[in-house]
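The values are calculated or read from the model by the stated rules, or taken from the named source; none is laboratory data. This structure is a prediction, so every number in the text was calculated from the model and none was measured. For neighbour counting, all protein chains shown are included, and Cβ atoms are generated from backbone atoms with ideal geometry for every residue, glycine included. Ligands, DNA and RNA are stripped out before the accessible areas are found, and what is left, the full protein with its side chains, is counted by its heavy atoms. Shrake-Rupley method; radii C 1.70, N 1.55, O 1.52, S 1.80 Å.
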Amino acid sequence: MKPKTVLVLILVLSIGCDSALEDRLPIAPAQPERASHADFDPDRCGALEGRIAWTGERPKIDPLLVSRFTTGKPLVVDQYPHPNAPNISGSNGLGSALVSLKGIDLARSKPMAPKSVRVELDEAGIMIVDADQRKRAVWLPIGSDVTLVNRIQGIGGIRVRGAAFFGQMFPEFGGTSTRALNQPGWVHFTSASGQYWASADLYVSEHGYVALTDETGQFRMEQVPDGEYDLIAWHPNWHVIAHELDPETGVRARQSYGAPAEIRTRVRITAGDVTSVKLAFSASDFPPTR
């Protein structure tokens, strides 16, 4: 037998053995994917309420002094509030902390409708406008949309990273652009036009068990399926960990903050009952470097 014939025979036998082996391997039957909300049962739900507090010494966070050059004018220094400073009430409640449940069975989750919000860039920074309220952070159901708006007199730009990844420049005041948010996760907004301190966040969720604490740190979630879940509280970090300078002017052009702080606990939801929980952040949860 010629060498080429032997080689072909070996390949045929090898392929045949692999096919026979695959035939003997157990193949798991395909599991039909249950649609979101298909098994939602309000009679098997409870409520979750709680409070996010601040414990220990309150951080001293000064307003940002922003230096900038304008054409034909001397250096201008403006003062703006820090976008990531914690909002601590007189009773130590932490406002604008985002709270979410992890481990939700989407088939058992309650139905929710998409929403629309605006993300506005102005000279002071970036804010998210939700139902006529200006916020540093919000959450939206997946499939919602966001409209970017330029409130700067001149060219403005917004940089978007995370679960959405793009940039949008506006040649003039009042320019808008609308984008759909079809991926779950965090979406981070910064400026692409000189407002280097600007920072805002949006959380896109596949379920409706997310909340933003009010000015006293309180939150509440309704119609939560019974079961055990991780409760996660989130807040942005105010520490500046890196910055870049404009090579022409020496003025700061971009800066980065430390990783957001997260604390979590385990909660059990019982049908027909209200579960209460308390969590607290402290300055140690926000290290100056990460």
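Please give the peptides 201-211, 277-287, 143-153 ranked by average Cβ packing (other Cβ atoms within 10 Å per residue), highest first, as a rough proxy for protection. All intermediate terms of the calculation are to be shown ahead of the outcome.
Details: 201-211: 21.5, 277-287: 15.9, 143-153: 18.1.
Final packing ranking: 201-211, 143-153, 277-287.
Output the Kirkwood hydrodynamic radius of the range 130-221, Cα pairs only, in Å rounded to one decimal.
On the way: mean 1/r = 0.0703 Å⁻¹.
This gives a value of 14.2 Å.
Translational diffusion coefficient of the range 87-168 at 25 °C, 0.890 mPa s, Stokes-Einstein with Kirkwood Rh over Cα pairs, in µm²/s as a whole number.
Details: Rh = 15.3 Å.
Translational D for this selection: 160 µm²/s.
Less than 14 Å Cβ to Cβ from Pro114, Lys/Arg counted +1 and Asp/Glu -1: what total charge do the surrounding residues give? Walk me through the numbers before you get to the answer.
On the way: positive: Lys115, Arg179; negative: Asp130, Asp145, Glu206.
Net charge around Pro114: -1.
Tally Lys/Arg at +1 and Asp/Glu at -1 over every other residue whose Cβ is under 15 Å from the Cβ of Leu181; what's the total?
Numbers: positive: Lys115, Arg118, Arg161, Arg179; negative: Asp130, Asp145, Asp201, Glu206.
After counting each charged neighbour, the total is 0.
Mind checking Rg over Rh on the range 105-152, alpha carbons, Kirkwood formula for Rh? Each step should come with its number before you reach the end.
On the way: Rg = 13.4 Å, Rh = 12.1 Å.
My calculation puts Rg/Rh at 1.10.
At 1.4 Å probe size, what's the solvent-accessible area of His188? Round to the nearest 10 Å².
Its heavy atoms expose roughly 60 Å² to the probe.
Net charge within 10 Å of Arg264 by Cβ-Cβ distance, Lys/Arg positive one each and Asp/Glu negative one each, not counting Arg264 itself? Spell out each step's value before the answer.
Values: positive: Lys102, Arg266; negative: Asp230, Glu262.
Computed value for this residue: 0.
Among Ser199, Ala180, Gly125, which residue has its Cα furthest toward the positive end of the charge dipole of the range 122-199, with +1 on Lys/Arg Cβ and -1 on Asp/Glu Cβ?
Of the options given, the answer is Ser199.
Of Phe166, Val267, His239, which is farthest along the charge dipole of the range 148-285 in the positive direction, counting Lys and Arg as +1 and Asp and Glu as -1 at C-beta?
Of the options given, the answer is Phe166.
One quarter of the convex hull surface, Cα atoms only: what value does that give for the range 170-247 in nm²?
9.0 nm²
Using the Cα centre of the range 98-226 as the reference point, and only Cβ charges (+1 on K/R, -1 on D/E), how large is the resulting charge dipole? Debye, rounded to the nearest 20. Please list the in-between numbers first.
On the way: 13 positive and 14 negative charges, 46 e Å.
Using Cβ point charges on Lys, Arg, Asp and Glu, the range 98-226 gives about 220 debye.
How long is the gain from Val240 to Val129 if the chain were fully straight, where each residue apart is worth 0.36 nm and the alpha carbon distance is subtracted?
Once the chain is fully extended between Val240 and Val129, it gains 37.4 nm.
In µm²/s, what is D for the range 38-152 at 20 °C and 1.002 mPa s, where D = kT/(6 pi eta Rh) by Stokes-Einstein and Rh is the Kirkwood radius from Cα pairs? Please report the intermediate quantities before stating the final value.
On the way: Rh = 18.2 Å.
My calculation gives 118 µm²/s for D.
Given +1 on the Cβ of Lys and Arg, -1 on the Cβ of Asp and Glu, and no further charges, what dipole in debye does the range 183-241 carry about its Cα centre, rounded to the nearest 20? Please report the intermediate quantities before stating the final value.
Values: 1 positive and 8 negative charges, 67 e Å.
Roughly 320 debye for the range 183-241.
What accessible area per residue comes out for the range 166-258, rounded to a whole number of Å², with a 1.4 Å probe?
Details: 4070 Å² over 93 residues.
I get 44 Å² per residue for this part.
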